[in-house]
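What follows is one structure encoded as structure tokens, with my remarks underneath.
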Amino acid sequence: MTKGWPQWEVFVRSEAGLAHKHVGSLHAADVRMALENARDLYTRRNEGVSIWVVRSEDVHATDPDEAEAFFEPSEDKRYRFPTSYHVPEGVEHL
Amino acid sequence: MYTSISDGIDGNANGGDEREQAFNARLDRAMKIEPSDWMPEAYRKTLVRQISQHAHSEIVGMLPEGNWITRAPSLHRKLILLAKVQDEAGHGLYLYSAGETLGTPRDEMVAALHSGKAKYSSIFNYPTLAWADVGAIGWLVDGAAIINQIPLTRCSYGPYARAMVRICKEESFHQRQGFEIMWTLAHGTTAQHAMAQDALDRWWWPSVMMFGPPDSESTHNEQSQRWRIKLFTNDELRRKFIDQTVPQSEKLGLRIPDPQLRWNERTQHYEIGPIDWEEFYRVIKGDGPCNKDRLQTRIDAWEDGAWVREAATEHARKRAERSDAA
Ligand SMILES: [Fe+2]
Ligand SMILES: [Fe+2]
């Protein structure tokens, strides 16, 4: 058995103006095959106008075990939200 | 600090109590488990078995219908059938992708199918003898698959649940095109009507069996329900299938091949005659009408395609080399 083709992550832009969104993965020998396979596998019903493929090994992620500590700095900063400010009655457009 | 998503499942097998508690807490809150989260080994193993078995069923499931692509009665029906069979290939691939996130390479799953170690749905070991069988499969088999799959869109494992959402979106076309074939035949000539009835006669019981052994004999139910990778029992799903399909058969003007079938006013469900579980186990164990043929077809496809896979790999290597040199 030959070693399988590398794995790719697939991102699809569903319509102009929207961001690409991760939809799944596939195997392909090279970029061109990855894009063509992605088209056949993930856009059979007009689901996309643009596709990105990225080798799975090149996608890096935060460690779920450290998520709490990693994201902690943003949690206690209520002053970053407009809702933590008092707007006096009658003041508009603020 | 960070992980690559392709090697996300590292040495987290020995989680111990704390991690197990966190895992159970996620289940209790109906939160999804994602590939790089800690999970008990038994959960991982059961999921790999369930997902790969599901993937194999989609792939082997292309064969009975693929058999009729060249003989579809019109160009229109041929296009529909091609699209439907292509969808099933897609379903298999979404599921293999979901299975791979658990750390089992795709080639390993495929090898387990070819060696006979892995199972697939026993329904695909029955032959498609006439065009009406394509209608019966879409109506009954895809209909049963939908009932099985809709709850799984809410299952605990993220990649599996997301694959199911895509699959379910595509299945309803499968069921409708099958029903339409049955409708056309049932309202056609006497011979066509008889062909539709014959297909229903042969596919009804295997479809009823698709949901697996009765709850009294099913071994995995409890743990899998706790893990939320099975949300209803086999018998619950089966009952749902029967309740929704019997009225459809009446609209078609076809007869369900079960003399004991009757509506129970008190339970508000249909009651059916005894299921031939002997047949079910015989087919599962490899003794159905087409088991050998189905598996051999898959093995041949894999082996005959080996040169294509090698050529594509070599082509990719050469191109990469050339672009490095440039
Ligand atoms: Fe399917
Ligand atoms: Fe289907």
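The values are calculated or read from the model by the stated rules, or taken from the named source; none is laboratory data. What you are looking at is a predicted structure, and each value in this text was computed from that prediction instead of being measured. Methodologically, a virtual Cβ is constructed for each residue, glycine included, from the backbone with ideal geometry; neighbour enumeration extends over all protein chains shown. Ligands, DNA and RNA are excluded from the accessible area calculation, which covers all protein heavy atoms including side chains. Shrake-Rupley method; radii C 1.70, N 1.55, O 1.52, S 1.80 Å.
To test your reading of the geometry: what angle, between 0 and 90 degrees and rounded to tens, separates the Cα axis of helix B:291-304 from the longest principal axis of chain B? Relative to chain B, helix B:291-304 is tipped by roughly 40 degrees. Working note: 222 nm ellipticity from helices only, DSSP H runs with n ≥ 4, each -39,500 (n - 2.57), summed and divided by the residues of chain B, gives -20500 deg cm²/dmol to the nearest 500. Under a Gaussian network description of chain A, with springs only between Cα atoms under 10 Å, the residue in A:E75, A:E47, A:E57 that fluctuates furthest is A:E75. The aspartates and glutamates within cross-link reach of B:K318, meaning a Cα-to-Cα straight distance under 20 Å and a gap of 8 or more places when in the same chain, are A:D30, A:E36, B:E310.
Taking amide H positions as modeled 1.01 Å from N, with prolines and chain starts lacking one, the residues under 5 Å from A:Q7 and 5 or more places away or on another chain are A:S56. Ordered from highest to lowest accessible area with the whole protein assembly present and a 1.4 Å probe, B:T313, B:T245 read as B:T313, B:T245. Scalar couplings 3J(HN,Hα) for segment B:166-183, obtained by applying the Karplus form with A = 6.51, B = -1.76, C = 1.60 to θ = phi - 60°, are 4, 4, 4, 4, 8, 5, 5, 5, 4, 5, 5, 5, x, 4, 5, 4, 4, 4 Hz; x denotes Gly and Pro. Between helix B:142-152 and chain B there is an angle of about 40 degrees, using the helix long axis and the longest principal axis of the Cα atoms.
Give, to the nearest whole percent, the P(r) tail of segment A:7-84 beyond 20 angstrom, counting all Cα pairs. Working shown, then result.
On the way: 1527 of 3003 pairs.
Cα-Cα pairs in segment A:7-84 separated by more than 20 Å: 51 percent.
Each residue of segment B:54-70 is assigned a 3J(HN,Hα), and the resulting list reads 5, 4, 4, 5, 5, 5, 5, x, 6, 5, x, 7, x, 3, 9, 4, 6 Hz, derived from the Karplus form 6.51 cos²θ - 1.76 cosθ + 1.60 (θ = phi - 60°), x at Gly and Pro. Each part gets one Cα centre, and for segment A:26-88 versus segment B:229-261 those centres are 42 Å apart.
Simple rule: put +1 on each Lys or Arg Cβ and -1 on each Asp or Glu Cβ in chain A, find the dipole, and look at A:V53, A:F70, A:F81; the Cα lying farthest toward the positive end is A:V53. Modelled spin labels at A:E68 and A:V87, positioned 7 Å past Cα toward Cβ, are 3.6 nm from each other. For B:Y157, the residues 5 or more places off, or on other chains, whose built amide H falls under 5 Å of its own are B:I33. Between chain B and chain A, the total buried accessible area stands at approximately 2500 Å², from heavy atoms with a 1.4 Å probe. For segment A:7-84, the relative contact order is 32 percent, taking Cα pairs closer than 8 Å that sit 6 or more residues apart in sequence and dividing their mean separation by the residue count. For B:K117, the aspartates and glutamates whose Cα comes closer than 12 Å to its Cα, not counting residues fewer than 8 places off in the same chain, are B:E108. In the Gaussian network model of chain A, springs joining C-alpha atoms below 10 Å, which of A:T43, A:T62, A:T83 carries the largest mean-square fluctuation? In this elastic network of chain A, the residue with the biggest mean-square fluctuation among A:T43, A:T62, A:T83 is A:T83.
In straight-distance terms, cross-link reach from B:K230 covers every one of the aspartates and glutamates whose alpha-carbon lies under 15 Å from its own, apart from those fewer than eight places away in the same chain; here that gives B:D28, B:D215, B:E222. The heavy atoms of B:H54 present about 30 square angstrom of accessible area, all protein chains included, probe 1.4 Å.
The H on the amide N of A:S50, modeled in the peptide plane, is under 5 Å from the matching H of A:R13, each at least 5 residues off or on a different chain. With the cut-off at 29 Å, tell me which of the pairs B:K251/B:K285; B:K32/B:K119; A:K21/B:K78 have Cα atoms farther apart than that. Violating the 29 Å limit, Cα to Cα: B:K251/B:K285; A:K21/B:K78. The Kirkwood radius of chain B, taken over pairs of alpha-carbon atoms, gives through the Stokes-Einstein law at 20 °C and 1.002 mPa s a diffusion coefficient of 99 µm² s⁻¹. Looking at segment A:52-89, which residues lose a minimum of 50 Å² of accessible area between their chain alone and all protein chains in place, measuring with a 1.4 Å probe and not counting ligands or nucleic acids? Residues of segment A:52-89 that lose at least 50 Å² of accessible area once the other chains are added: A:A61, A:P64.
Computed over the protein assembly as shown, the percent of Cα pairs more than 29 Å apart is 53. Of the GluC sites (Glu not before Pro) found in segment B:228-278, those in coil by DSSP whose Cβ has at most 11 other Cβ atoms within 10 Å are B:E265. Peptide B:303-316 has a mean shielding of 3, counted as Cβ atoms of other protein chains within 10 Å of each residue's Cβ. Residues in the protein assembly as shown average 54 Å² of solvent-accessible surface per residue, probe 1.4 Å, ligands and nucleic acids excluded.
For chain A, the longest principal axis of the Cα atoms and the long axis of helix A:31-42 meet at an angle of about 70 degrees. Among the protein heavy atoms of segment A:7-84, carbon and sulfur supply 52% of the accessible surface, probe 1.4 Å, non-protein parts ignored. Each Cα pair under 8 Å and six or more residues apart adds its sequence gap; the mean of these over the residue count of chain B is a relative contact order of 17 percent. Principal axis analysis of the Cα atoms in segment B:157-298 yields extents of 50, 47, 34 Å, listed in decreasing size.
Taking chain B as a Gaussian network, where each spring joins two C-alpha atoms under 10 Å apart, which residue of B:A199, B:A301, B:A136 fluctuates the most? The residue with the greatest mean-square fluctuation here is B:A301.
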